[in-house]
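Read the structure below first, then the notes.
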Amino acid sequence: MANETEHPATAVVGAGLAGLLCARQLQEQGVPVRVFDKGRGPGGRSCTRRTPAGPVDFGAQYFTCRSPELEPLLQGWLASGCAAPWPARIVVLDGGQQRAEEAAPTRYVGAPAMSALAKQLAAGLDVRLESRVLALRRDASGWSLQFEDGRREGPFARLALALPAPNAAALLEGCSALASPAAAVAMHPCWALLVGFSEPVVCDFDAAFVHNAALRWVARDSSKPGRPAGDVWVLHAGPAFSRTERASPPERVSRLLLADFARALGRALPAPTFRIAHCWGYASIPDPLQLGCLHEPGQKLVVGGDWCQGSRVEGALRSGLAMAHTLAASR
């Protein structure tokens, strides 16, 4: 790879799947890239949480591959063993009634956890973690980043923001016209609950989309390939419940979601062995942009994420490809 004195570097802010795929695509084309993320590990919502029963997928639950441009990436993941098909029995729970899912796509998961996808994309990249960007500055030399700890980095010739739309809009305010379209994208929170049970939950499915309830999704995480044994479930609340209960204590949310799970099943649940609740601030997008990424050519700036292509892993990956293609063309 050429050094930074020969080719001005590109900064990517956000080490979720969109940002990592953007950075990897650029690096493979000989563009020096540096990735920054506020977290302690890469992956964004495609992450794994340690629990008494082992690692559990806390955010993104699976991914699909409906887009031809993602097929090479999928085949590489399958060949390397960091992804595997999930032949789950998935149903719809609606008002106490259970029905089969219609036209189910092939679903894949990271192996041995969803975090494996981000780790594979991040391998060989210059990723700076625990680096929260507070402000951006653009001048004739390029983009400079100011961090929470007071340091600055730059200038970078090109900049990609792979962040939730509200976070991107806040950083771009006053320095880019892209702040306005990013701010117009609504993103809803999502409460997630990880729960282990003393004995298996009695049901004839591995996961379910839940309608007319506080819950939106429930899944037996231990049904996924390569996961630890035991009965561990992931419960995701819907946007209405998550907005209403966003500031509630985790114990209250845990109690409400478990009660809703029992109602959806129509039977009592076994005794929980552990409960871990977390509220994702920006998780679902009711009206994504469907355009790949936002682009300001004169400033060599792109902004993207799953909110540009829908709130799915596949949308994040497609946006990452779009950001990389757009920045590469700006060279």
* **Lone unmet requirement of (1) touching a Phe, Trp or Tyr at 6+ places or on another chain (Cβ under 8 Å); (2) over 18 Å from G305 (Cβ atoms); (3) part of a strand (DSSP E or B) for R138** => (1)
* When residues of the stretch 188-209 are filtered for being crowded, with 22+ Cβ neighbours inside 10 Å and over 16 Å from H278 (Cβ atoms), how many remain? -> 2
* Asked: If we keep just the residues of the stretch 306-319 that are touching a strand residue (DSSP E or B) at 6+ places or on another chain (Cβ under 7 Å) and within 15 Å of Q25 (Cβ to Cβ), which is surrounded by the fewest Cβ atoms within 10 Å (Cβ to Cβ)?
  -> A316
* Members of the stretch 243-259 found to be surrounded by 18 or more Cβ atoms within 10 Å (Cβ to Cβ) and of a type in the set (V, I, T), listed by number -> V253
* Limited to the stretch 275-294, what total is found for residues that are free of Cβ contacts under 8 Å to residues at least 60 places away in the same chain and not hydrophobic (A, V, I, L, M, F, W, C)? -> 2
* To do: Specify which of the listed residues (A262, A213, A240, A183) is surrounded by fewer than 18 Cβ atoms within 10 Å (Cβ to Cβ), of a type in the set (A, V, I, L, M, F, W, C) and more than 21 Å from the chain's Cα centre (by Cα).
  => A262
* To do: Check the stretch 121-144 and report whether any residue there is within 25 Å of Q290 (Cβ to Cβ) and buried (at least 19 other Cβ atoms within 10 Å of the Cβ).
  => yes
* Any idea how many residues of the stretch 165-177 are at negative phi and part of a loop (DSSP other than H, G, I, E, B)? -> 4
* To do: Please indicate, with yes or no, whether at least one residue in the stretch 14-22 is buried (at least 22 other Cβ atoms within 10 Å of the Cβ), touching a Pro at 6+ places or on another chain (Cβ under 7 Å) and closer than 14 Å to A324 by Cβ.
  => yes
* Starting from residues that are polar (S, T, N, Q) and outside any helix (DSSP H, G or I), keep the ones in the stretch 49-99 and report whichever is nearest to C190 (Cα to Cα). => Q61
* Asked: Do we find a residue being out of contact with any Cys (no Cβ under 8 Å at 6 or more places or on another chain), exposed (fewer than 12 other Cβ atoms within 10 Å of the Cβ), of a type outside the set (K, R) and not assigned by TED's automatic domain parsing to the domain that holds G150 anywhere in the stretch 61-76?
  -> yes
* Given (1) in contact (Cβ under 8 Å) with a residue 40 or more places away in the chain; (2) over 19 Å from the mean Cα position of the chain (by Cα); (3) surrounded by 13 or more Cβ atoms within 10 Å (Cβ to Cβ), where does L117 come up short, assuming only one miss? -> (2)
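Quickly run through the stretch 85-109 and pick out the residues that are touching a residue at least 60 places away in the same chain (Cβ under 8 Å), closer than 23 Å to Q75 by Cβ and among the hydrophobic types (A, V, I, L, M, F, W, C).
The answer is W86, A88, V109.
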* Asked: When both residues are 6+ apart or on different chains and their Cβ atoms are under 6 Å apart, which pairs have a first residue that lies in the stretch 303-331 and is farther than 19 Å from L172 by Cα and part of a helix (DSSP H, G or I), and a second that is among the hydroxyl-bearing types (S, T, Y) and modelled with pLDDT of 90 or more?
  -> E314/T64; R318/S67
* So, in the stretch 216-231, of the ones that are touching a residue at least 24 places away in the same chain (Cβ under 8 Å) and among the aliphatic types (A, V, I, L, M), which residue ends up surrounded by the most Cβ atoms within 10 Å (Cβ to Cβ)? -> V218
* Structure fact -> Among helices (runs of 4 or more DSSP H) entirely within the stretch 178-297, at least 1 residues that are outside the structural domain of G81 (by TED's automatic domain parsing) and within 27 Å of P166 (Cα to Cα) occur in 179-183
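The values are calculated or read from the model by the stated rules, or taken from the named source; none is laboratory data. Treat the numbers as computed from the prediction; the structure is a model and nothing was measured. Counting neighbours? That spans all protein chains shown, and the Cβs are built from the backbone with ideal geometry, glycine included.
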